[in-house]
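Quick notes on the structure that follows.
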Amino acid sequence: MRLAPLGLLVVLLLSSCSDNLPRSTLNPVGENAQTIDDLFRLTLAIAAVFFVGVNGAVVYAAIRYRARKNDDTEPKQIHGNDTLEITWTVIPALILATIAVPTVRTIFELAEEPPNALQVEVIGHQWWWEYRYPELGVVTANELWIPTDQPVFLSMTTDDEDVIHSFWIPNLNGKRDVVPGRVNTLTVSAPEPGVYLGQCAEFCGLSHSQMRMTVHAAEPADFDAWVDQQLAPGDVDENSAGWGLFLDKGCSACHAIGGTTAEGGGLNPGPDLTHIGSRSTFAGASFELTTENLKAWLRNPSDLKPMRPDSNRGMPNLGLNEDEIDTLVAFLQDLK
Amino acid sequence: MATLTPEVLDTEEPGSHEATGGLWSWITTVDHKRIGLMYGGTAMFFFLLGGIEALFIRLQLAVPDGTVLTSDQYNQLFTMHGTTMVFLVIMPLAAAFGNYLLPLMIGARDVAFPRMNAMSYWVFLFGGIFLSSSFFLGGFPDGGWFGYAPLSTQSEVIRMDFWAIGLLILGIASLAGAVNFTTTIFTMRAPGMSMFKMPVFVWMQLVVAFLLLFSLPVITVALFEVLFDRNFGTLFFDPAAGGDPILYQHLFWLFGHPEVYILILPSMGIISEVLPVFSRKPLFGYQFVVFAGAAIALLGFGVWSHHMFTSGLGPVAESAFSLTTMFIAVPTGIKIFNWIGTTWGGKISLKTPMLFSLGFIAMFTIGGLSGVTHAVVPADTQQTDTYYVVAHFHYVLFGGAMFGIFAGIYYWWPKISGRYLSETLGKWHFWLMLLGFNLTFAPQHWLGLQGMARRTAVYPPDIGLDTLNMVSTIGAFTIAVSMLPFLYAMFVNSRKGLAAPADAWDGRTLEWSISSPPPHHNFHEVPHVEAIDDFWHQKYGEDEEGRAVRIKTFPEPSRYTDEYIHLPSPSYYPIMLAAGLVLMAYGFVFAPLGIPLFVIGALVLFGGAFGWAQEDPDHPMGDHADHHADAHEGTETGDEAQAGADASGDVSSDDVSSEDVKTGEVEVAADESGGDDV
Amino acid sequence: MSSETAVHGPIGTDGADIRKTAMWAFLGSECLFFGSFIATFLLYSDETNGGPGTELFDIPFTSVSSFVLLMSSLTMVLAHNAYEREDKRQMRIWLVATALLGTVFLGGQVFEFTTFYAEGLRMDISPFGSAFFVLTGFHGAHVAIGVIMLTSMVIMSRRGNLHSHRGMNVELVGLYWHFVDIVWIVIFTVVYLLQV
C-alpha cells in the first residue's frame, strides 16, 4: 500500500515523457541544459539506490521483526556496533565525493563565457522582460530571438527601483537571478530551431506568475532576417487615427516606437512596441497576440493580468471606448 | 487549549491549594505541563488554519489558469501558509513537546524559569494572533515567508510590516524559550543524569535551543533592517543608493537554514524515543545519534548559501557551499541508519506512534535524497524555486517533522490524559495521511522538473502540468480527510478511550515512572539516575544471550502525595507583558494614528515587567516584594523533609494561589533571616 | 547553607547559578545580533551615496566617551565587590557611579548623532549612514537598558527588597554591563578606528 502512489507516479512519469513538454528540464535542448541533465541523472541514480535500500530496509524490518502473537521472548538488547557506524559514515561520504567532483567541475564549466557569443542585455521589469542587443542595435521585449549556430551570453539586471527576478528557460539552461544593482550572466544556446518557454522564477510580486518569456531559436538566415526587420523603424502613418490615439491617450509616455517621437521610458517603462505586430505573444508572453486578446487588454489590462499602475507598476486602465480600442488594436497589429 | 480534555483539566490534588479549574488558572499558570498543552493546542489550531490556506492554494492550482483566487489573494495565502506552518505550527509544537516533556524526562519539577516560560507562550499566542489579524486589516502579508528585499521593502501597504513585526514578536517568544530550555537542561537534570545519560529527545531540544540562540538574532537584524527601510527611510536594501539586496538573503538564510534543523531535530528526538520502545530494543548507537544531531547543527550554520545558488555568488562560493551541503548528508544518513538499526532484530509492535515513526524515516529519506540533488549546484539551478523544491521540503517538514510530531502525540497522549487514543482511528489517520501526503507531494517533484515555478498563481495549459496538478490537489484533500479521524480521536473518542497505566507502553524514560496524568509536581521524589533509559533498566536486566529479562515490576504510582510540595505561584504578569508588547506592535503598524496605542502598550509592558520584578512567590499575586523564585534548589538531599518543613511554614499563610517549585525551602529560610537583603 | 545561597542565588542540580547560565546563553545570542549589524556596516562602510562618510568621525571625542564607558566597567566591578561583601552603601554608590558614567556615554552619543546630522550624515542619506546609526543606536539602546537596570537596583536596594537570589541581581546586571562594554570596544575598533 505504501508503494502504491509511487508506482502510480512512475506510470505517470513515463506517460508524460511522450507529452509536449516545452518547459521541462527533462527535455534538454541547450548544451548547458544537457550537461545539467546528465549530472542530475547521475545523482538521481545514486539517490535511487539509497531510496530503495533505506525504504526497503524499513519495510523489511517492519514485516520481518514484527512481534508475533504467542511469542513472549524478548529481543537481544543490541546497543550499537562501531564497525557498522564507521561503515555507514565512510561509504556515503565516498559516494558523495564521487558526486562532488563532477559537480565542482561543471560549476566552473557553466560559469565560463563562451568565445564568440552573441551579447544580449536582459532587463527584468515587473512584470515583463526587456532585451537589448548592443552589437546589433535591436531592442525588444519578452520574446528573445537567438541564432542556432551561436551561443548567447546574457548580461542581466533590473532598474534600481525594481525587484529581484530570475531568468529561466528550462530547455536551454538553469536559472539565474536578475538582481537590482548587480549584473548576473547566463549562457543559453539552442542548436535546434524552435520556441522554448520560460518563466520568471523568483517571486517578484503581484503578477509574478504572468512574467513569462519565450526564446525563438532560428536558423542563422532566419535570425538575420529577423534582425533586419527589427532594425527597421516603426511603420507608422503619422496622420492615422491610431497614431493620434497613441499620443493622446498617453501610450507614448511609457512605450517607444522606433523612428517616431514616441520614446517611452519614464518612471514606468513599458515594452518597445516598434514591431509588436510581429510578435506572437504579449504582456510577459502570457497571452497570444490576437485581436480579441489585445482588445480585452485595452479594455482593462488588470482584468487579464493584475498590476499596480498607481505604484508605477504595469499598465493603467486608459478608459477607452470600443471604437478607440478597435482603432488602437488595428494600429498595433500593423506595427510589423 | 483545543486539545484539552476533562481528564487533562483534572490535575487537582486533594487538599491542594492550587486553583485548578477555570480560565483564570490557565491564564496565570506557570506549570510547564499546562503551558505545553496550551502551546500544543494553539499550534494545532494554527495547523488547521495553515492547512485551510494550503487547500485554497491547491484548489487554485487544480487546473491551469485557475480562477478560484486572484493573484493578490494567492500571494497572500502562500505567504501566510509558509509563515504559519513554520513559525506558528512546527516551532511551537516542538516547544509544546519540550515544555511538557523536558522536566519529566530529566527528573525536574518544572523548567528553570516558569514565569518566563508562561511569557513565551503568551507572546507566541499574541504574536500569532497579531500576524493572522492582518487578514482583517488590509490583507495578509504578500511578500513570501522569506520576505526578500527589495520586494518586501517596497510595497506601500502595511502587510509586510505585519509580517516583519509579527516575526520579531515570535522571535522574542522563541529566544526566551531557548534560554529557558538551555538553562533547564544544563542545570536541572536529576542527580546522576550526566549529559550522556539524557534521552535523545532532550539532547535534540538542547541542540535546537542552541540553534535558536545563534540564528534568531540574525533574522532579527534582517527584520529590523527591512522595518527601518520601510518606516524610517534607511537604505539598507536600496540599490539606487548602493544598498545590496543580496545582503538580506545572506542574513535571512543564515537564520533560515539552521531554522530547517530547528524544525526537524525535535521530531528526530521524538522518533528516537518511540522506535526503541516499540522495538523493545535500546536506540542503536546512542552516542552516534547524539553526535550526528550536534554535527548537523554545527554544519547547519555553514550551508546557508545553498539557498542562493542562482543569485550569482560565483563558482568558488558555489562550489564551497555545494561541498558543505553534501557533507551534511553524512550525519543525516548516520541517524537514519541508526534508526533502522534500532528496529533490526527487535520485536516491533506497529502501534500508531510506531507507524508514524517508520513513516518519518521513509518520507524523510526521500526529502533528504532530493536535498542531495540540490547540493549539485548545476542541477539546483534547474530545481530551485520550482515545485521540485516544494516537494523536497514538504517531504522533510511534513513527512518528517509533522509525522514525528504525530508520533509524539500518539505516544505521549496516554501520559498526558491517562487514556490511550484509539488505535483504529490512529491507523486510519496514518494510512490516509501517508497516502494523501504522497499523492500531494510526490507529483510535485515532476511538476518542478517539468517547469512549474513556485509561487505562481496560474500556470498555462498544454505544457504537461495539468494531470499531476490535479493529482496533487486530490492528495491535499486526502490529507484534509485524514485529519478527521485524528480530530475525532482527540475531541470525541479520547474521553472513552482505554485507561492508560503510568507505564503505558513499557517505556524507557523517566516520564513513564510517574502517574498518568502526571502529578502537578511531577515527581514525589526526585529520581536518581544511573543509566541511559534509567527506568527501563530498573525494570529489565539482560540474560547471558543479551535478551531483556524482567527483574522488577513497579506498583501503579499514585498521582497524589501526602507531602506538601512547593510549586511556583501563578502569575498574571507574563500575559500582561505579552499583551503590552502586541499593543505596541499594533500601535507601530498604524502609526501615526496608532501612537497612543503604542504608548499604552509600552505602559502595560513596563507595568508587567515592574510587577514581575516585584512579585513574591511566597505571597498571593499582586503583593509587593521581590522577584519570584525561578529558583530551585539542589535536589540531592531530603526533598521530603524539606517539603514537610515547607508545608508547616506555608500552608497556613498562603492562599490558594501560592506554591513554589523545587521545594522553595531555601528561599523561605533566607527571607526570614533577611541576610540576602542587600 | 542559607548565607551561601543568599549570595549565589538559585542553583541547579550541579550547584551552578541557573540565572548565570541563562544570562550567558542570552549574551551568546547577543553576540550574533551585534555581529550581524557589524557585518552590515562593514559591507556598507564605503557606500556613502555621495553623502559624508568616515571623515566626520571625531576620534579624540569618541575615544573619550569610550574611555568613560570603560571606566564604568571598573565601577561595576567595585559595585559587585561591595555586593559580595554585603556592603549595601558602597554597592549603591558604585552602582550610581556606573549608571552615571553610562549616562555620560549616552550623552556623548546624542551629541555625536546631533553633530553628524548637522553635517549631513543621516540614516536616510546612504547605506553607510543607515548602518552606522542603526548599529550604534542599538548599542546605545543596550546601554540605556543597562542604566535603567542599574537605577532600579539602587532603588530596590534602598527600599530593602533587592533579593540576591531572585530575578536580577548585581552580578547578573554586571555580566550584562561588561558585555555591552566589550561590544562597544569592538564597535569602536571596527567602525571608528579601522575606517579612518
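Given R₀ = 45 Å, what would the calculated FRET efficiency be for B:Leu48 paired with B:Val599, taking r from the Cβ atoms and rounding to 0.05? So the FRET efficiency works out to roughly 0.80.
Placing +1 on each Lys and Arg Cβ and -1 on each Asp and Glu Cβ, with no other charges, gives chain B a dipole about its Cα centre of roughly 3020 debye.
Each Lys and Arg Cβ is given +1 and each Asp and Glu Cβ -1; about its Cα centre, the stretch A:241-333 then shows a dipole of about 300 debye. A full extension of the chain between C:Ile182 and C:Thr115 corresponds to an added length of 21.6 nm, given 0.36 nm per residue minus the alpha carbon distance. Using a Förster radius of 51 Å, what is the FRET efficiency between B:Val316 and A:Ala253 based on their Cβ-Cβ separation? Nearest 0.05, please. Once the sixth-power term is evaluated, E becomes 0.70. If you plug the beta carbon distance of A:Asn317 and B:Val157 into 1/(1 + (r/R0)^6) with R0 = 22 Å, you get a FRET efficiency near 0.65. Near A:Val163, the amide H atoms lying under 5 Å from its own belong to A:Gln126; only residues 5 or more places off or on other chains count, and H is placed 1.01 Å from N. Each Cα pair under 8 Å and six or more residues apart adds its separation to the average, and for the stretch B:31-496 the resulting relative contact order is 16 percent. Chains B and C together bury some 4400 Å² of accessible area, summed over both sides, with a 1.4 Å probe.
Tell me whether chain B comes out rounded, prolate or oblate; compute the Cα gyration tensor, take square roots of the eigenvalues as a ≥ b ≥ c, and use a/c under 1.5 as the rounded threshold. Because a/c hits 1.5 or more and a/b fails to exceed b/c, chain B counts as oblate. Summary of the geometry: the stretch A:182-212 and the stretch B:70-102, compared by the centres of their Cα atoms, lie 31 Å apart. Neighbours of B:Thr79, meaning other residues whose beta-carbon lies under 13 angstrom from its beta-carbon, give a summed charge of 0 when Lys and Arg score +1 and Asp and Glu score -1. Taking label positions 7 Å along the Cα-Cβ direction at both A:Glu135 and C:Ala144, the computed distance is 5.9 nm, reported to one decimal. For the stretch B:498-556, trypsin sites (Lys or Arg not before Pro) are listed when DSSP marks them as loop and at most 10 other Cβ atoms sit within 10 Å of their Cβ; the list is B:Lys552.
Using a ≥ b ≥ c from the Cα gyration tensor of the stretch B:452-584 (square roots of the eigenvalues), is it rounded, prolate or oblate, where a/c under 1.5 gives rounded and otherwise the larger of a/b and b/c decides, a/b for prolate? Verdict is oblate for the stretch B:452-584.
Checking every one of the GluC sites (Glu not before Pro) in the stretch A:220-319 against DSSP loop status and a limit of 15 other Cβ atoms within 10 Å picks out A:Glu238. For the pair the stretch A:122-172 and the stretch B:442-472, the centres of their Cα atoms are 24 angstrom apart.
In this simple spin-label model, placing a label point 7 Å from the Cα along the Cα-to-Cβ direction at both C:Leu56 and B:Asp462 gives a separation of 6.0 nm. Placing unit charges on the Cβ atoms of the charged side chains and taking the dipole of the protein assembly as shown about its Cα centre, the candidate lying farthest along the positive direction among A:Ala241, A:Leu39, B:Met576 is A:Leu39. Global dimensions of the protein assembly as shown from alpha-carbon coordinates: Rg and Dmax equal 32.3, 105 Å. Annotation: amide H of A:Met213 within the under-5 Å range of A:Gly198, A:Gln199, A:Cys200, sequence separation 5 or more or interchain, hydrogens built in the peptide plane. Charges were assigned to the Cβ only: +1 to each Lys and Arg, -1 to each Asp and Glu. The resulting dipole of chain C about its Cα centre is roughly 860 debye. With contributions of -39500 (n - 2.57) from each DSSP H run of at least four residues, the per-residue ellipticity at 222 nm computed over chain B stands at -20000 deg cm²/dmol.
Projected label points at B:Ile27 and B:Gln73, each 7 Å from Cα along the beta carbon direction, are separated by 3.7 nanometres.
The values are calculated or read from the model by the stated rules, or taken from the named source; none is laboratory data. Remember, predicted model here, so these are calculated numbers, not experimental data. Quick reminder, even Gly has a Cβ in these numbers, built from the backbone with ideal geometry, and neighbours come from all protein chains shown. Ligands, DNA and RNA are excluded from the accessible area calculation, which covers all protein heavy atoms including side chains. Shrake-Rupley method; radii C 1.70, N 1.55, O 1.52, S 1.80 Å.
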